[in-house]
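Structure first, commentary second.
The values are calculated or read from the model by the stated rules, or taken from the named source; none is laboratory data. Small disclaimer: the values here were computed from a predicted structure and weren't measured. In this analysis, Cβ positions are derived from the backbone assuming ideal geometry, glycine residues included, and neighbour counts consider all displayed protein chains.
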Amino acid sequence: MNTPPNAVPESPLDSQVPAPATISATRPMYWSIYIAPLAVAALVLLGFLISAINLPHSMRAVLALDPALQRAAIEKPYDIAAILTMLTAFIVGVFYCLDALHGERRDRSILFWKSLPVSDLTTVLSKASIPLVVLPVLVFAIIVATQLIMLLVAIAVLLGNGVSAATLWSQLPLVQMLLALLYGLTVIALWHAPIYGWLLLVSGWSRRTTFLWAVLPPLALCVVEKIAFNTSYFASLLKYRLIGWFTQAFVFEAHGGVPADPLTQLTPGNFLSTPGLWIGLAFAAAFLAAAARLRRYREPI
């Protein structure tokens with residue numbers, strides 16, 4: 001066979017050059033841990049900057065309201081910023097857990113990690129710490145920075161238009177709001193621990209379509225229960241696990257008023273004495289232990 005005329009002879013050194021490293025498929029998920037909350041915070045700030053055009057007029061209208069209604073109107077954009085960022089963090093935590101153990105088998109990095117003197121339980125716990133510890137801390141920092149920027153923008157706009165910012169200072173208990181936020185993030189992390197544990201277990205077991213394997217079994221149980229017994233206890237249990245922390249960790253006035261001190265809404269004693277919290281943590285521990293055991297025998301996909 002003839003050699004092509006424009007072929008370049010292979011150098012003896014070519015075989016010694018390592019192949020380009022492939023980018024881990026899980027790396028985009030690690031990036032999204034902080035990029036997604038930051039993106040949401042940026043969108044909130046953009047919306048607030050646009051709405052700040054009418055802020056002097058809105059503040060004059062707020063001054064005519066009852067003090068309790070004033071506080072609610074002033075706090076509303078800051079609460080929206082916190083809620084949207086926290087919701088984004090929960091979604092990021094869900095997809096991170098679904099990919100945490102599955103991704104390392106898919107990109108075969110599990111072979112490298114298993115070569116290290118680190119136990120499977122330690123590895124699983126380190127991955128569980130992302131949604132339970134790292135994300136709440138990160139989200140807290142992002143929300144604090146976002147709300148401070150919003151406050152500074154609001155003060156600058158009001159003063160620039162000859163409107164006093166005294167009402168804004170007096171009706172916005174920023175320090176108490178941040179303490180309540182820290183408490184809320186801790187509560188949510190503890191309450192959602194069994195959800196993250198279940199997702200990590202599915203991530204370590206499933207060979208593909210981790211999202212479907214995580215969602216379809218609970219949905220199937222709900223459907224079977226409804227058809228067989230015409231009840232919805234399991235569906236109510238899932239709903240309680242998703243949003244039950246709200247009623248267990250906080251108390252709100254019946255007429256919907258906003259208290260002067262947000263810390264009066266916190267009920268840590270009631271939350272810590274809730275059986276659902278400790279049952280959920282027990283399930284979370286069982287799921288994580290099972291995920292660690294599965295990882296011990298799992299091979300690359």
*Can you pull out the residues in the range 152-173 that are in contact (Cβ under 8 Å) with a residue 40 or more places away in the chain and hydrophobic (A, V, I, L, M, F, W, C)?*
Val153, Ala154, Val157, Leu158, Val163, Leu168, Leu172
*Of the numbered conditions (1) without any contact (Cβ under 8 Å) to a residue 12 or more places away in the chain; (2) out of contact with any Cys (no Cβ under 9 Å at 6 or more places or on another chain), Ser232 satisfies every one except a single condition; which is it?*
(2)
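Which one is farthest from Val144 (Cα to Cα) among residues in the range 42-75 that are of a type in the set (Val, Ile, Thr) and loosely packed, with under 15 Cβ neighbours inside 10 Å? Steps first, please.
Step one: filter the range 42-75 for residues of a type in the set (Val, Ile, Thr), giving 44, 50, 53, 62, 74.
Next cut, loosely packed, with under 15 Cβ neighbours inside 10 Å only: 50, 53.
Details: Ile50: 20, Ile53: 23 Å.
Per the criteria, the residue is Ile53.
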_Among the numbered criteria (1) surrounded by fewer than 20 Cβ atoms within 10 Å (Cβ to Cβ); (2) at negative phi, which one does Val187 miss?_
(1)
_I'd like to know if the range 112-122 contains one or more residues that are of a type in the set (Val, Ile, Thr), assigned to a helix (DSSP H, G or I) and buried (at least 16 other Cβ atoms within 10 Å of the Cβ)._
no
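Go through the range 190-211 and give me each residue that's in contact with a Gly (Cβ under 7 Å, 6 or more places away or on another chain) and not hydroxyl-bearing (Ser, Thr, Tyr).
To start, the set of residues in the range 190-211 that are in contact with a Gly (Cβ under 7 Å, 6 or more places away or on another chain) comprises 191, 193-194, 196.
If the condition is that a residue be in contact with a Gly (Cβ under 7 Å, 6 or more places away or on another chain) and not hydroxyl-bearing (Ser, Thr, Tyr), then Trp191, Ala193, Pro194 are the ones that fit.
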*If you go through the range 269-301 one residue at a time, how many are buried (at least 16 other Cβ atoms within 10 Å of the Cβ) and outside any helix (DSSP H, G or I)?*
2
*the range 7-34 - residue that is in a helix (DSSP H, G or I) and either at pLDDT 90 or above or among the small types (Gly, Ala, Ser) (or both) and, of those, nearest to Val157 (Cα to Cα)*: Ser32
*asked:* Can you tell me which of (1) over 30 Å from Asp107 (Cβ atoms); (2) touching a residue at least 60 places away in the same chain (Cβ under 8 Å); (3) among the small types (Gly, Ala, Ser) is the one Ala292 doesn't meet?
replied: (1)
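Looking at Leu263, is it modelled with pLDDT of 90 or more and either assigned to a helix (DSSP H, G or I) or more than 20 Å from Ile91 (Cα to Cα) (or both)?
No, not satisfied.
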*Which one of Leu158, Leu138, Leu181 is more than 26 Å from the chain's Cα centre (by Cα) and buried (at least 18 other Cβ atoms within 10 Å of the Cβ)?*
Leu158
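Residue by residue through the range 76-86, note down the ones that are under 18 Å from Leu182 (Cβ atoms) and either surrounded by fewer than 18 Cβ atoms within 10 Å (Cβ to Cβ) or among the hydrophobic types (A, V, I, L, M, F, W, C) (or both).
Filtering the range 76-86 for residues under 18 Å from Leu182 (Cβ atoms) gives 78-79, 81-86.
Listed by number, the residues that qualify are Asp79, Ala81, Ala82, Ile83, Leu84, Met86.
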